[in-house]
Every structure is written in C-alpha cells, then in structure tokens.
1. Only residues that are farther than 22 Å from ILE223 by Cβ and either touching a residue at least 40 places away in the same chain (Cβ under 8 Å) or aromatic (Phe, Trp, Tyr) (or both): list them for the stretch 128-150, please.
2. Have a look at ILE21, ILE51 and point out the one that is touching a residue at least 40 places away in the same chain (Cβ under 8 Å) and touching a strand residue (DSSP E or B) at 6+ places or on another chain (Cβ under 9 Å).
3. THR180 is checked against (1) surrounded by 14 or more Cβ atoms within 10 Å (Cβ to Cβ); (2) out of contact with any helix residue (DSSP H, G or I) (no Cβ under 7 Å at 6 or more places or on another chain); (3) assigned to a helix (DSSP H, G or I) and fails just one. What number does that condition carry?
4. Just wondering, is there one or more residues in the stretch 58-77 that are of a type in the set (Val, Ile, Thr) and open to solvent by 30 Å² or more (accessible area, probe 1.4 Å)?
5. How about the stretch 1-111: which strands (runs of 3 or more DSSP E) wholly inside it have at least 3 residues that are farther than 24 Å from ASN131 by Cα?
6. Test ALA169 against the criterion of being open to solvent by less than 30 Å² (accessible area, probe 1.4 Å), without any contact (Cβ under 8 Å) to a residue 24 or more places away in the chain and under 27 Å from LEU122 (Cα atoms), and give yes or no.
7. Does VAL158 satisfy the condition of being open to solvent by 10 Å² or more (accessible area, probe 1.4 Å) and assigned to a strand (DSSP E or B)?
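The values are calculated or read from the model by the stated rules, or taken from the named source; none is laboratory data. If you're wondering where the values come from, they're calculated on a predicted model, not measured in any experiment. Note that each Cβ is placed from the backbone with ideal geometry, even for glycine, and that neighbours are counted across all protein chains shown. Accessible surface areas use protein heavy atoms only, side chains included; no ligands, DNA or RNA. Shrake-Rupley method; radii C 1.70, N 1.55, O 1.52, S 1.80 Å.
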Amino acid sequence: MTYHRIRFAVIGGDLRQIKLINLLASKGYQVNMFGFDNKNIDSRVNLFNNIRELISDADIIVGPIPCSRDNKTVYSDYLDSSTMLEDIFKNISEDKIFMAGSITPQIKEIAEQYPFKVIDLLEREELAILNAIPTAEGAILYAMGNSEITIHGSKCLVLGFGKCGKVLAHKLKGLDADLTVEARKAEDLALIKSYGYKALYLQDLEKFIGDYDFIFNTIPALILNRDLLQKIKKSALIIDIASKPGGVDYSAAKELGIQAILAPSLPGKVAPESAALIIYETILNVIRDMGVII
C-alpha cells in the first residue's frame with residue numbers, strides 16, 4: 001500500500017464520517033479521530049480523547065456536514081457530550097486547514113478569530129451536485145415509506161429548481177410521476193419546460209397547491225405557511241429536504257392534520273457509503289487545487 005504524507009483528523013458527524021474515516025485509512029492516509037464511539041472503525045485509525053493532541057498530529061481537520069446544528073457545538077451523532085467549536089478552532093494553527101459543510105456566518109465569525117484556513121465543502125460545486133443524488137433518492141424513499149399510493153401516476157410537486165430540485169425532478173419523472181416543478185426565475189421556468197415538466201409560477205402556487213399528492217420542498221425558507229397549508233388536501237404528504245428549520249410551518253401542519261416530514265442530512269441516513277465517497281473525492285479535489293501532490 002502507498003502511504004501519503006497528508007494527515008487527517010476527523011471530528012464529529014454521522015455514519016458518513018465513519019465511512020470516510022475507513023476510506024481514508026484504506027487509501028493509506030494517516031487518520032486521527034475524535035467524537036465517535038463505534039466499533040466499526042478501521043484498525044489503522046488513531047483514536048484520540050484529547051482535541052489538542054488530535055489536531056497537533058494532523059494537517060487537515062475534517063468536520064461534519066453540517067458543521068453544527070446550533071452554531072456553537074460540533075454536530076455529532078456519536079459524541080456523549082457537546083464539543084464546542086471554539087475548543088476545536090483554538091487548537092488549529094495557521095498551517096492547518098479546517099473543512100466541513102454548511103459553515104454558517106456565525107461559525108465563520110468564530111473561526112476568523114484564529115489564523116487557519118476554512119473551507120466549506122458544500123460550496124464546492126462537485127459535492128453539491130453529487131450530494132443531490134442520495135438526497136433525491138432519500139426523499140423518494142421517505143415518500144414511498146409514508147404513503148399508501150405509488151409515485152407512478154401520482155401528482156407530484158417539487159418546490160425549487162436548484163441542484164436538489166433538478167435531480168429530484170429527474171428521478172420522479174423516471175418513476176412516471178405526473179410532475180410539476182415550481183420556480184421563481186423565468187430562466188428556471190423555461191428550463192423546467194424544456195425538460196418536459198409542468199412549470200408552476202411561484203405566484204400561482206396558492207391557486208394550485210391543493211392538486212398534489214406529494215409535495216417535495218427544497219427551498220430553505222418558509223414557503224409552506226399556514227395559509228398555503230390550509231389549501232393542501234388532507235391526504236397529501238410533504239417531504240421537506242431543505243436545511244433546518246425547513247420550509248414548512250410544522251405547528252400549523254400538525255394542527256391541520258397534514259403529514260409533513262422534515263428530512264435533513266439524507267445522504268448520511270440513506271447512503272452513507274456513497275456520501276462518504278463524494279466527500280472523499282471533494283477533499284482530494286480541494287487539495288489538488290491548492291497545488292499539493294497527493
């Protein structure tokens with residue numbers, strides 16, 4: 001096996017991170033880990049209980065996607081106690097790099113107090129595009145698992161035509177859904193029509209929202225408010241894959257008896273191994289772009 005000089009430290013996260021740790025180790029990289037209590041870790045991985053020691057023996061520190069749920073502590077499905085982002089950042093020297101996903105302005109403000117380089121992996125186009133695949137498949141899986149009707153022949157609405165919206169629409173059409181896609185920009189609406197989907201103008205959403213069996217939201221803003229929810233038929237199912245807090249008034253949905261499911265971080269839940277490979281390839285692309293031989 002070829003061994004590489006770049007050393008990684010992986011902190012927090014979900015099953016994607018465990019798969020990533022094992023993948024890095026299998027490729028000959030030194031990997032240090034913190035924040036996992038899991039037995040399925042490659043024996044070549046170095047386990048640390050001390051953040052300072054973990055980071056001092058690494059060149060690149062890889063955080064989770066998302067980096068945090070509260071902008072203060074690192075997101076982790078496996079940590080018994082909360083680990084403050086500042087406790088991580090204060091131990092990263094200027095010659096090191098911190099990579100994670102969904103690094104919010106609040107997190108960047110904390111990081112800016114220290115001299116190291118910060119890279120948001122979700123700002124990389126290749127990760128954002130490829131990550132949309134397990135996200136879309138997961139959304140469809142949730143829809144199938146929580147409904148008594150098939151996607152085939154059902155009236156489906158996709159809200160938003162960004163990266164996830166595009167991939168999700170393509171896969172729903174492949175399942176022979178009666179598909180409509182909503183967008184705000186004229187160029188997106190033209191593209192929707194060019195793909196053979198029905199296009200719905202944002203301003204017409206209120207008029208037609210009651211027609212659909214499945215509503216998939218990809219817009220990270222409150223779009224399905226109480227007024228719109230009152231017009232949705234009771235048998236409809238909403239799958240919300242937007243970042244927390246999502247795009248649905250969940251209190252209103254519950255009161256109205258409408259089933260709405262917030263499903264963030266789907267890649268880590270439905271396809272962690274594929275998601276880890278996407279992260280791994282993106283990290284290597286970042287390193288190559290910096291002119292480092294790997």
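1. LEU130, ILE133, PRO134, GLU137, LEU141, ILE149 - these are the residues of the stretch 128-150 that are farther than 22 Å from ILE223 by Cβ and either touching a residue at least 40 places away in the same chain (Cβ under 8 Å) or aromatic (Phe, Trp, Tyr) (or both).
2. On inspection, the qualifying residue turns out to be ILE51.
3. In the conditions (1) surrounded by 14 or more Cβ atoms within 10 Å (Cβ to Cβ); (2) out of contact with any helix residue (DSSP H, G or I) (no Cβ under 7 Å at 6 or more places or on another chain); (3) assigned to a helix (DSSP H, G or I), THR180 misses (3) alone.
4. no
5. Of the strands (runs of 3 or more DSSP E) lying wholly inside the stretch 1-111, those with at least 3 residues that are farther than 24 Å from ASN131 by Cα span 30-34.
6. For ALA169, the condition - open to solvent by less than 30 Å² (accessible area, probe 1.4 Å), without any contact (Cβ under 8 Å) to a residue 24 or more places away in the chain and under 27 Å from LEU122 (Cα atoms) - is not met.
7. Taking the combined requirement at face value, the residue does not satisfy it.
Quick grid of which residues meet (1) farther than 22 Å from PHE214 by Cα; (2) open to solvent by 70 Å² or more (accessible area, probe 1.4 Å):
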position	(1), (2)
THR83	yes, no
ILE92	yes, no
GLU109	yes, yes
PHE116	yes, no
GLU126	yes, no
ALA139	no, no
SER154	no, no
